[in-house]
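Notes follow the structure.
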Amino acid sequence: MLENNRKILCIGDSTSLPGHTNLYEDTWFCRLKENFPVFDFISLFRRSITTEILVTEGGGDLLKEFPLGADCLEFYKPTAIILQLGIVDCAPRLLTNIDKVILKFLPNKISNTYIKGIKFLKKRKVANTLVSLERFEENLRIYIERCTIAEVKTIILIGIPYPDERMIKKNPGIIFNIEKYNKCLLNFSEKYFSVKFINPLDSREYEQNIFADGYHPNPFGNNLVFQSLSDIINQAVMN
């Protein structure tokens, strides 16, 4: 059995996973496991997930007797939690909910033409996101309150990557949203003593590429995340 219940639960989207030039050994998750063997690192990584995973899969309602999120927080009873979520929540989308409903009823050939027409006629709108800023904030608030009840010592929020020109060219409005959603993450760190905010993936701070494709961290980017996480674990979790 682990001494003092030393478990760290890690939840993230594709920015946490191998791929995009990274081997598993390049990921910040693997490097943490290698460098902090006293902890049991538990991973819940899945491509294209949003903060909805924290409150919808299995529950997450504080009023329920057993509030279960996809992470089963209350049953892992971790010492600390690392969250790398947000880029899927905040990225401006081309298709609206109405477009998605229409596409469900169209044959494949017609739906392909419909999508091409949308791409030609429409632009991505910053307000058209999978998860609104208000919902994003509420998801995290509920989760952090659950962490408090579960006596989680430290919650580390990794900032949403500030992309380079490759991503910005495809989705210009994304910068506006990333800044708003990251401000929300920062606000939680100022409100709750247990919450720590780090923002190592800012392309403006480095001359060399930190991303493989504009926003997925490459090995160098993963090392930046690893170093920032290591500092927090040494300062706030180990002690």
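The values are calculated or read from the model by the stated rules, or taken from the named source; none is laboratory data. Keep in mind the model is a prediction, meaning the values are calculated, not measured. Reconstructed Cβ throughout: ideal geometry from the backbone, glycine too, with neighbour counts over all protein chains shown.
For the condition among the β-branched types (Val, Ile, Thr), under 21 Å from Glu151 (Cα atoms), within 18 Å of the chain's Cα centre (by Cα) and crowded, with 17+ Cβ neighbours inside 10 Å, what is the one hit in Val237, Val225, Val195? After applying the criteria, what remains is Val195. Looking at segment 125-177 only, could you name the residues that are among the polar types (S, T, N, Q) and not in a loop (DSSP other than H, G, I, E, B)? Asn139, Thr148, Thr154, Asn177, listed by residue number.
It is to be established whether one or more residues within segment 45-57 are modelled with pLDDT of 95 or more, acidic (Asp, Glu) and under 18 Å from Gln84 (Cα atoms). The answer is no; no qualifying residue exists. Is it true that Asn182 is assigned to a helix (DSSP H, G or I), more than 18 Å from Asp13 (Cβ to Cβ) and not small (Gly, Ala, Ser)? Taking the combined requirement at face value, the residue does not satisfy it.
Checking each residue in segment 143-154 for being under 19 Å from Val55 (Cβ atoms) and either surrounded by fewer than 18 Cβ atoms within 10 Å (Cβ to Cβ) or touching a Lys or Arg at 6+ places or on another chain (Cβ under 7 Å) (or both) picks out Glu145, Thr148, Ile149, Ala150.
The set of residues in segment 30-50 that are in contact (Cβ under 8 Å) with a residue 40 or more places away in the chain, within 18 Å of Gly221 (Cα to Cα) and surrounded by 18 or more Cβ atoms within 10 Å (Cβ to Cβ) comprises Arg31, Leu32.
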